[in-house]
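*Asks:* Below is one structure. I have some questions about it.
The values are calculated or read from the model by the stated rules, or taken from the named source; none is laboratory data. No experiment lies behind these values; they were computed from the predicted model shown. Virtual Cβ from ideal backbone geometry, glycine too; neighbours counted across all protein chains shown.
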Amino acid sequence: MLKERMAAAKSVAEPLLRLEALIDEAIQGAAALTGALPAARINAKLSALYGQEALEAVNETTALLVRARRQIVTAHDALQAVAGQLGLAERAIGDVNEKPPVTKGALRPLREVA
């Protein structure tokens, strides 16, 4: 039965890790586009009014991608809990990068310094 559980875990781990990588790649692409839009406008000597709507749309896309990343990280954490319930927690099934503790909830607000 352990063999079947390990096979099942591997069949989930591989697409999970690939999806995490794809989301990170999409965030990088969105960041590159965000930087390219104002640079192109400046190089073309155009008013800041040109492309503003596009820049805002790309910014919203980036925010959605970051939220998607949070969701997939949450899913990954939940799947690790399932692996632990199945006695697979101590086995490496894919991602070998060191992970910090998962923080639940929103980021803490910055405190006012001045």
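*Asks:* Given the options Leu64, Leu110, Leu55, Leu37, name the one that is more than 29 Å from Ala8 (Cα to Cα), out of contact with any helix residue (DSSP H, G or I) (no Cβ under 6 Å at 6 or more places or on another chain) and modelled with pLDDT of 90 or more.
*Replies:* Answer to the check: Leu64.
*Asks:* Moving on to the next point. Can Gln85 be described as modelled with pLDDT under 95, within 28 Å of Met1 (Cα to Cα), more than 19 Å from the chain's Cα centre (by Cα) and of a type in the set (S, T, N, Q)?
*Replies:* The answer is yes for Gln85.
*Asks:* Looking at segment 1-57 only, could you name the residues that are polar (S, T, N, Q) and assigned to a helix (DSSP H, G or I)?
*Replies:* Once the filter is applied, which keeps residues that are polar (S, T, N, Q) and assigned to a helix (DSSP H, G or I), segment 1-57 yields Ser11, Gln28, Thr34, Asn43, Gln52.
*Asks:* Give me the residue from segment 2-34 that is over 18 Å from Asp77 (Cα atoms) and touching a helix residue (DSSP H, G or I) at 6+ places or on another chain (Cβ under 8 Å) and, out of that set, surrounded by the fewest Cβ atoms within 10 Å (Cβ to Cβ).
*Replies:* Ala31
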